[in-house]
1. What pairs come up if the first residue lies in the range 186-203 and is polar (S, T, N, Q), the second is more than 8 Å from ligand 2 (Cβ to nearest atom) and part of a helix (DSSP H, G or I), and their beta carbons are under 9 Å apart, counting only those six or more places apart or on different chains?
2. Considering (1) more than 9 Å from ligand 2 (Cβ to nearest atom); (2) surrounded by 21 or more Cβ atoms within 10 Å (Cβ to Cβ), say which one residue 190 fails and leave the rest.
3. Would you mind stating whether residue 163 is near ligand 1 (Cβ under 9 Å from one of its atoms), of a type in the set (Ser, Thr, Tyr), modelled with pLDDT of 95 or more and in contact with a Lys or Arg (Cβ under 6 Å, 6 or more places away or on another chain)?
4. Would you please list the contacts, defined by Cβ atoms under 6 Å and residues six or more apart or on different chains, that run from a residue in the range 205-234 that is β-branched (Val, Ile, Thr) to a residue that is open to solvent by 50 Å² or more (accessible area, probe 1.4 Å)?
5. Cβ-Cβ below 8 Å, separation at least six or inter-chain, first residue in the range 8-33 and touching a residue at least 40 places away in the same chain (Cβ under 8 Å) and among the aliphatic types (A, V, I, L, M), second open to solvent by less than 70 Å² (accessible area, probe 1.4 Å) and assigned to a loop (DSSP other than H, G, I, E, B): which pairs?
6. With the requirement that a residue be in a loop (DSSP other than H, G, I, E, B) and closer than 19 Å to residue 192 by Cα, what does the range 210-248 give you?
7. Give the residue, chosen from 166, 159, 148, that is buried (at least 16 other Cβ atoms within 10 Å of the Cβ) and more than 16 Å from ligand 2 (Cβ to nearest atom).
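The values are calculated or read from the model by the stated rules, or taken from the named source; none is laboratory data. Please read all numbers here as calculations on a predicted model, not as lab measurements. Glycine gets a Cβ as well: all are built from the backbone with ideal geometry, and neighbour counts include every protein chain shown. To get the accessible areas, we keep the full protein, side chains included, count just its heavy atoms, and leave off ligands, DNA and RNA. Shrake-Rupley method; radii C 1.70, N 1.55, O 1.52, S 1.80 Å.
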Amino acid sequence: MKKTKLAVWKFSSCDGCQLSLLDLEDELLEIAESVDISYFLEASSRLKRGPYDISIIEGSVSTFHDIERIKAIREKSKFLLAVGSCAVFGGVQALRNYTLPGEYPQIVYEHPEYLSALDASGPVSAHVKTDLELRGCPPNKRQILEVLTACLHNKKPDLSSGSVCLECKRKGIVCVMVSKGIPCLGPVTHAGCGALCPACDRGCYGCFGPKETPNTESLSAWISRELGMSREDVLRSFRHINCYALEFCLESIKHEPKN
Ligand code: SF4
Ligand code: SF4
């Protein structure tokens, strides 16, 4: 039987999403029975030419060369899966989208004139059509496995919907915000991680990005009023890993200093 050809590509990122894939360990061996891992530089130097049945993209599009690469990958891939906050929303590197072009390089590099980058770091979907997106920084490895399995069986993947709060309730986790006054973005953050942070007595910082129709305004008002969070801290809560996700971006702008 012809194996499904899989390719994994890195763009501007920290490699954490690829590590989530490698973290599947035992399952990867089973996957390798049905999948031909044709291009995965982090895992193997054995590379095969496209076309590919599935391409997994990690990282945001940040340079002119990135745009050329992602378009070429799209052309040779039947199914394009963007994984992680960088590929889906532009990642933490999108923080520079809130500064003047070239502002950060001037601070960081002695010779910023050698750099060639886009003014904004953006998601893959800003440049090519994606067939599916998996959120998270990093994504949940079980979700990656679910998507790969669904692709192999030609079925729709069973992915979580709703908010992190719902996952807390399903798992019986006591709300850290209500019981301990720890700020938490769970009410406006997309489900999928299994309420990882509240399970460890920490507030969610929104790494899965906004849920469907998030009421960010109401949450901002509540954490300001009930937890005494400053305007600047509310801004920072939303302008974080998923700062370029539309709803988080708009909420952060509302909390910019007033001139
Ligand atoms: S801890 Fe956070 S995610 Fe969990 S129920 Fe409370 S607000 Fe929601
Ligand atoms: S609880 Fe929030 S910050 Fe923590 S892993 Fe889940 S989505 Fe990410």
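1. 189/165
2. The failed condition is (1).
3. yes
4. As it stands, the answer is 216/247; 223/183, since those pairs meet every condition given.
5. Hits for this filter: 8/42; 8/43; 19/42; 19/138; 31/24.
6. 211, 212, 213, 214, 215, 240, 241, 242, 243, 245
7. 148
Yes/no per residue for (1) of a type in the set (S, T, N, Q); (2) open to solvent by 30 Å² or more (accessible area, probe 1.4 Å); (3) within 10 Å of ligand 1 (Cβ to nearest atom):
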residue: 177; (1), (2), (3): no, no, yes
residue: 184; (1), (2), (3): no, no, yes
residue: 201; (1), (2), (3): no, yes, yes
residue: 211; (1), (2), (3): no, yes, no
